[in-house]
Each structure stands twice: as structure tokens, then as C-alpha cells.
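Participant: Sharing a structure, written as C-alpha cells. Questions coming.
The values are calculated or read from the model by the stated rules, or taken from the named source; none is laboratory data. Everything numeric here is computed off the predicted structure, so don't read it as measured data. Cβ: placed from backbone, ideal geometry, glycine included. Neighbour counts: every protein chain shown.
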Amino acid sequence: MAYQVISRKFRPKNFHEIVGQEPIVTTLQNSILTDRLAHAYLFAGPRGIGKTTTARVLAMALNCQNKAGADSNPCGKCDICQSIHRGDDIDVIEKDAASVPFVEDVRTLRENATYRPMRARFKVYIIDEAHMLSTAAFNAFLKTLEEPPGHVKFIFCTTAPQKLPETVRSRCQRFDFRNISTKDIAKRLGQIAEAAAPQTEIEPQGLLEIARRAKGAVRDAEVLLEQLISFAGERITVKSVYQVLGLVAEERISEILDVVAKKDVAGTLKLLDEIYRQGKDPSDFLNQVIERLRDLLVASSCGADSPLIERPTDERPRLKEDAEKFSSDFLLYAIRLLAQAKREIKETMEPRIPVEMAFVKLARMGDLVSLAEAIERLESLEATSEVASGDFSSEEKGLFRKAAEESPIEPASQETRASGPTSAPRALSLAEVQEAWPQVLKWVEREEAPLARSLAQVEPIVLKEKEVLLGVPEEAGLLAEELRIKKASVEEALGEVLSAALKIKVVKLTTDEAISSEISQTKEPQETPRNEASSFDPMIEKVKEIFKAKIVGEERGEG
Amino acid sequence: MAKQKPISPMELERRLKKSQIEPVYVLAGDEAFFRFQALGYIREALAGPGEEKAEVIYFEGPEARCEEVLSLLRTPSMFWARHLVVVEKAREFIAEHKEAIEGYIRSPGAGVWVLISDTIGKGAPGLVIECKALYENQIPGWIRKRARDYGKEISTEAAALLTEIMGTALWEIDQKLQAISIYLGEKKRVELEDVEALLPQAGKHRFWDLTDAIGQKKAERALRILQEQLLAAKSSQEIAGILAGLAWHLRRLLLVKRALVSGATPREIGDKVGEKRSFLLRRLLSQARLFSLEALEEKLGHLLEADLDMKTGLYDNRLAFDLSILKLCQ
């Protein structure tokens, strides 16, 4: 017999084997038992969660020769059950709507529906991807759907029920399938693994890890399991799961969080280098760290035993321990920073740089915390509305606030205060920025020598509020683009040297007009009187803050 | 013969049960479910021995020829007890052939004639069955009645939830009620959780519970509610809808809170937030007391940030939700 992939071989043959859709299964079973069958069903839900499988099981239950028992389950053994399961039963017609989109095909299908089934009780039409049918095809169905012959049942399966005409939706009994929980998927994988590879020993944590990666879709989990069985042989461990999925071992993630907690920048970079050398995908790695930080956050809010953390029991003590090392505000900030780095990876030729920068920042967070005093000043400025608060994410603000409240670290030396990064803006002149520029270059050189060389070709030409315009000579080719990518590094250096949160904007030195235009664009909008709408709604205030917008008029809708 | 007043589908069912059969019925109105239901009553009443329903011969109004229809109606049926002829989309047909229809009413044949139209002019011949769409405030009552037809009682909250989610789509509500009644088996009463079990979108109403959990800083409970909502969501649009719904709910609370602070009466507050249902207004008032004005403003800010993080792709949906809930519960 030809080899069958796990997802096909272990496709549920009865209602009991369908995972995570209990209310739907109960309803279908009851409807068979009480003979209250609808003539058309609509199974809606995301891909890979059992819509078509349930449709087949329903078709089997309706037609099973060994009449289903008290739970109306199909026997799975009779000719009809087996041929439906294989997908070649003469009375259960499975159509992919993507391949029968034309109205003529539907007309044929409708005409054939009038003939009685060859051997089964019901002729069942399973229309997969039903949203792919054209409107004309649906119209051709409509009358049949309103009143199909008693021996016909239609089951429409779709991931996009909203694309079906209302007239069709309303004539079907609709069931909305849910995504399946990690726990349920892991349980099902265990059953399959036992049957598919009885000689293979599988660690439950490994199954849980596969289930987590499947994100609610059983079929995806089954495909991963199959890969692992082929790869790992007699024993599937968490380690082999990580290997096959190209993930970094959890211990490594813990190690890197340890060095970050110890503010050991060198150690952080060393570990990152090791991970990088193993050929791990930086984006996947960041995802893993973000997931871990999310779990730590949940652990610190809900306890390490919370079922909201999908991790094996033996990892919980470690999770608890790690959660105690970081404040919630730090964790929120770290997640944001790493997510930003993940985004930057897509825009850069050298993906390890954003990763390293993000971790170095995290490892240096202690310096930020020691600046509580500066933050108090910032808060007092905010209170008097002299400073816009929009330059900090809520995570940063929370972090600063916490630092100000707790001051857990010894006050920093005067030197550190002067040179450490601060987010408290102070009034600066362009001359000061230009004067400090060589220091900025030196600072950058320590971290990224090539970038410093590039920066040597540009100069600060305008300072408007907290934005520095860097003029790039027209002949410098790709320099402007490079600086845009490395914007964060330059801003960090400016912050370090000038103790001010400054943004940069890169402009090409083409004509005077171009520069004038850039300058005019950076002008802050005139202070507008706070009208009723803006002071009324914090959402509006936030929108203004995010988009640097001003209210030019007001129109009120109903309600 | 005096012109009869229009009647409802329910009245039609009552009359048909008394074997009061008319030669011509006009099913008029924009509610397809009522039209289908009324036709179903007529078919059941005309069913011959051993038949569940009478067979129907359909014509489309714009293509139907009046003589052909009349000839069918006056001819005894070879196979069925009598002919039941339906002319759909019959507005123009009725206007054009009014006299012929009236002639058939005066001197009917063996067949029964049903004309179906979204709208009809005044003075339509035959017995008019009004199949008008219901207003939203009529839906919960209709749901209770339909549930009784399926042998179940339904709680006020469950009926309100079905109305909230499914609006005025009677046909879909009816299908769902039927499914719920099958799901319940022997159980006689439909409760909120039964609706939720078969209607994952019902998670929407859980904004109340979610907001309670946030107000009481119960992060775990809030995250669990959210997790259920995310499991039920089929698309990123639906996921975005969860966030929008929560923001909408908190915004209402903010309005209520502001009104409370300014000393408004509950009635004034109800007017301000457009909430006429007293049980919901009571709940809004008690929920608003869980938060300070500043806290509500701050939480709305967090939600906007989460929205932005999701839409700009900074976080995936689940992470964005988890983080914002944890922040909201801080």
C-alpha cells in the first residue's frame, strides 16, 4: 500500500476523534439521533482545524451501514465509511469550488442531485472552499438549497463565510469552527504518535512545543510531527524539536536573559555570536525571546503556574526565577525593543546588527534606571505641559516612572550622569550639536566603525526642536540610504554625547530650495487653542500625539 | 365580495388550520423568511394524503404568461391533490393582470395561486399576507416565540445576545436557534453559554466581563477571556474587531464616568451614551465606578497604542493583545 502522510492517514474517522470542536460535534450527533437534519450546512473557520474532516465524518455518520450506535458515530469499517474516508464514495461527492467555479458545473451538479443515491441513504455534496463559487453559480444553487430533495445534503466548507451571498448563508445551518487550543493539539498529537510510530519515544514537552508552533491548526501540527518522526528516529526530545524547527534551545534563551539581567554587554554579544554561528534565523530567535519575555510578564502578573503560559511543568520554577529578575516595565520595554529589531532585520543587509543593538540596549538598561533624577525632572516638565510627552512609548514612561519611584540602583556618579543616555530633552542650539559632532563620530566609531566613516561625510545643518537635519552631499550616492537604516545608532550616539533625546532626518544637499523645503516641513505646528473635541477625548489626544497632528475642524457624526 | 384586510403569517397559519383556504394569496413584504414561512404553511395545508407538503410550480413574474398560469390553476392535477402555482417577483404582474386575478377569485378553479412580491400597490387582489421586516426591538420577542416553536425557553440575556450579534437576519437567527435547540438535547432552557457555545462571535458581549476583570485588575481572568475570543476569531478582521469593540466599550464608560462626575442623573447619562435598556445602563454605571477618570483615559491610550502596534506589524495579534491587557490590568 502506498505511503500516506500522517494528516491523511490519521484523519478522524468518527466524532470522538475530532479535536476542539465539542459543541459542533454534539449538535451534529444530536441532529442525527433525533433525525433533525438540516438540508444544508455551512462549516466556517480558519484553515486546518477540521471543517472538511467534520464534513466527511458527518457524511459517514449519515450513511454508515452498521447503523451508528447511541452516540450516532459511524463505524468506520463498513464499505461506505471506508470509501467516504478515502474520498471515493459514489454518493458522497467532494468538490473543490476553486475547480468548479462555473455556473454550468453547478447546474450539472444540481441536476445530478435529483437522482437518488446509488447505495447510501443520502447523497452528500461537500463543497470545499465554497467562497470561490461565482455569484451565478450560487444563484444556480439557490432553489435547490431552499428545498433540496430529501435524499440530498449539502455541506459548504469555507474560510471566508462573509464572501457567500446572504441568500445562501441564510439557507444553511452554520457552524463556526474555533481555533484549537495548544493543549488539545498536543493531546491529539500524542494519540497519533502512539499509533504512527509506536517504537518512537516522545517527550510530552516536545509535543507541546510542536503544538505551540502550529498556532491552532491541527494539520500544521501533524505535518511537523511527521517531519520529526522521520528525523529523530527512536526518541523525540525537545532538543530534536528545536533542531528540526531551527530554533534556539530554551536554555540558551535563559542564558542570554541572565547576562542581560547582569548588564554584561560583552557576555551578551558573545552569546549572540554563538547563536549566530549556529546558523539560526535572527528573526526566529527574536520571536523566541519575545515569547519567553511574554511568558515572564504573564508569570509576574498571574503567577508562573498560570495555564496561560504554555510551557511544561518542569520549566515553571525557572520561569518564576527569571520573572523575579525583571520588572514588568522592563519586560514591556524589552519586548518592544526586540519587536522593533525584528522589523529592522527586514530592512537591512546585515540582520545581526539590529539584534545586537537591541540586546546591547537591554543590557545597558541599568544606566537608564540610574537616571531617575532626570526623569523626575522630565515628569515635572510634562506636568507643566512644556514638553510633549509623545516621544516615549508607554513602556518607556512606565519604566522611567518606576525607576523614579523605586530608585533601586545606587545614584550614578556625576560623570555617568553627564555621559549616560537620557531622555530628558534640554534646549540645545545647532552650534552645540555641530561642536559635539566629532564626539558623536568617536562614539559611533567604538560600536560601528564603518558607520562612523560614513557619518564623517555629513554634517548637522539644521536643528529644529528635537530634530537634527543631517545634510548628505548629493554625490555621496547610497550614503543617505545607509544613514536612514542606521538612524537608531546615530540617534543613540547623539543622545549619549549631548544628553538629549534627538531625532535625525537625512536630507540630500541638492539645492537650497530642497533644504528650505525640508526645513519648512519640520516646523512645529502653531499652537492651536484646545477646542472642546480635543480636550474631550483621550483617543483624539493620542492620535494627535502619534501623528503629530493638529485639529483643523470638527464634524460630529450621529451617536 | 368584500376585500379582506392584510393578515400576518401567524394568522394565516391559524386560518389554514381551520381549513380556510383562499384561491389567491399575495405574500407581500421585504422579509424573505416570513414569505418562505407563509408559503410553507400554505403548502402544508394543501398537502395530499401521504404528502408532507404540496408540490409547487414556480413562475418568475417578468416571464410568466397569465393565460398559462390560469390554465394550470383550472386544470385538475394528475399527480397531486391540487395545483399550487407560485409567481415570484410579481409586482408588475399583479398590476398588469389585476382583472384576471380578480376573475379567478370570483370563479376559482381547483388550484391555489400565490403571488410573491417585495412591495405591492394599494388594492392588490387576494388575501394579502404581510411579510414586513421586523424592527430591532421586535426581534427578542420573535426569538422567544421561535424558541418555543422548537420546544425551548430562552433567557432574556440569551435572546438579547442573539439580537445583538445577528441583527435582524431572521433566517440566520432561525437556523441558529434550531441548531442551539438540537445542541441542548433534553435541556429546556437556552442560556447565555449555550448561545456562546455555537456562536463564537458571541465573545463580543464578553467585553463586559473583560472590562470587569480589567477594573478589578484580574489579569489572568482578563487574559483567559481574551484567549477564548481569539480562538473564536476567524480572521484578522475579526481580531481587530475585538480591539475596536473593547475600545468602544471603554469609551462609553468614559462618557458615563464624566457624566457621573459632573452630577448627571442616570436618565441623562443613558441619553448621553444612547443606552435605553435599563439593565445595560445599570451595568454601565456600576462598571464605570471601577475606574477613575484618569485610569479610563490612560487605558484608552493603551488600546490605541496596541491598535497601532498591530496595524504596523510590530506585534502579532496575540502578543499585542496580551501586552495591552497586561498593561490595562496594571
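Participant: Can you give me the number of residues within the stretch A:185-214 that are more than 14 Å from residue A:228 (Cα to Cα), touching a helix residue (DSSP H, G or I) at 6+ places or on another chain (Cβ under 8 Å) and of a type in the set (D, E, K, R)?
Facilitator: 2
Participant: Just the residues that are surrounded by 18 or more Cβ atoms within 10 Å (Cβ to Cβ), without any contact (Cβ under 8 Å) to a residue 12 or more places away in the chain and either more than 7 Å from chain B (Cβ to nearest Cβ) or more than 16 Å from residue A:183 (Cβ to Cβ) (or both), please, taken from the stretch A:300-309.
Facilitator: A:302
Participant: Same structure, new question: With the requirement that a residue be surrounded by fewer than 17 Cβ atoms within 10 Å (Cβ to Cβ) and touching a residue at least 40 places away in the same chain (Cβ under 8 Å), what does the stretch A:316-339 give you?
Facilitator: Residues satisfying the conditions are A:318, A:325.
Participant: I would also like to ask the following. Is there any pair with a first residue in the stretch B:151-180 that is at positive phi and a second that is basic (Lys, Arg) whose Cβ atoms are under 8 Å apart and which are 6 or more apart or on different chains, and what are they?
Facilitator: So the pair list comes out as B:151/B:188.
Participant: I've got another one for you. With the requirement that a residue be part of a helix (DSSP H, G or I) and either surrounded by fewer than 19 Cβ atoms within 10 Å (Cβ to Cβ) or not aliphatic (A, V, I, L, M) (or both), what does the stretch B:33-57 give you?
Facilitator: Of everything in the stretch B:33-57, those that are part of a helix (DSSP H, G or I) and either surrounded by fewer than 19 Cβ atoms within 10 Å (Cβ to Cβ) or not aliphatic (A, V, I, L, M) (or both) turn out to be B:33, B:34, B:35, B:36, B:37, B:40, B:41, B:43, B:44.
Participant: Go through the stretch A:169-214 and report how many residues are within 11 Å of chain B (Cβ to nearest Cβ) and touching a Leu at 6+ places or on another chain (Cβ under 9 Å).
Facilitator: Adding up the residues that qualify gives 13.
Participant: Confirm whether residue A:193 is surrounded by fewer than 22 Cβ atoms within 10 Å (Cβ to Cβ) and over 21 Å from the mean Cα position of the chain (by Cα).
Facilitator: Answer is no for this residue.
Participant: Another question, then. So which of A:275, A:353 ends up being away from chain B (no Cβ under 14 Å), over 16 Å from the mean Cα position of the chain (by Cα), surrounded by 19 or more Cβ atoms within 10 Å (Cβ to Cβ) and more than 30 Å from residue A:499 (Cβ to Cβ)?
Facilitator: On inspection, the qualifying residue turns out to be A:275.
Participant: Restricting attention to the stretch A:282-299, does a residue exist that is more than 10 Å from chain B (Cβ to nearest Cβ), among the charged types (D, E, K, R) and surrounded by fewer than 16 Cβ atoms within 10 Å (Cβ to Cβ)?
Facilitator: yes
Participant: Condition test on residue B:307, is it surrounded by fewer than 16 Cβ atoms within 10 Å (Cβ to Cβ), over 24 Å from residue A:327 (Cβ atoms), in the same structural domain as residue B:233 (by TED's automatic domain parsing) and among the acidic types (Asp, Glu)?
Facilitator: no
Participant: Only one of these conditions is not met by residue A:241: (1) assigned by TED's automatic domain parsing to the domain that holds residue A:201; (2) out of contact with any strand residue (DSSP E or B) (no Cβ under 6 Å at 6 or more places or on another chain); (3) modelled with pLDDT under 85. Which number is it?
Facilitator: Single failed check for residue A:241: (3).
Participant: Does the stretch B:219-234 hold any residues that are facing another protein chain (nearest Cβ under 9 Å), not charged (D, E, K, R) and not in a loop (DSSP other than H, G, I, E, B), and which are they?
Facilitator: If the condition is that a residue be facing another protein chain (nearest Cβ under 9 Å), not charged (D, E, K, R) and not in a loop (DSSP other than H, G, I, E, B), then B:219, B:223, B:227, B:230, B:231, B:232 are the ones that fit.
Participant: Just one of (1) within 14 Å of another protein chain (Cβ to nearest Cβ); (2) touching a helix residue (DSSP H, G or I) at 6+ places or on another chain (Cβ under 8 Å); (3) not in a helix (DSSP H, G or I) trips up residue B:181, so point out which.
Facilitator: So residue B:181 meets the others, but not (3).
Participant: Pick from the stretch A:31-49 the residues that are outside any loop (DSSP other than H, G, I, E, B) and either in contact with a Pro (Cβ under 7 Å, 6 or more places away or on another chain) or in contact (Cβ under 8 Å) with a residue 12 or more places away in the chain (or both): which of them is farthest from the other protein chains (Cβ to nearest Cβ)?
Facilitator: Top of the filtered list is A:43.
For every residue, the table says whether it meets (1) under 30 Å from residue B:250 (Cβ atoms); (2) within 14 Å of chain B (Cβ to nearest Cβ); (3) in contact with a Ser or Thr (Cβ under 7 Å, 6 or more places away or on another chain); (4) at pLDDT 70 or above.
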site: A:483; (1), (2), (3), (4): no, no, yes, yes
site: A:488; (1), (2), (3), (4): no, no, no, yes
site: A:503; (1), (2), (3), (4): no, no, no, yes
site: A:512; (1), (2), (3), (4): no, no, no, no
site: A:516; (1), (2), (3), (4): no, no, no, no
site: A:526; (1), (2), (3), (4): no, no, no, no
site: A:537; (1), (2), (3), (4): yes, yes, no, no
site: A:550; (1), (2), (3), (4): yes, no, yes, yes
site: A:553; (1), (2), (3), (4): yes, no, no, yes
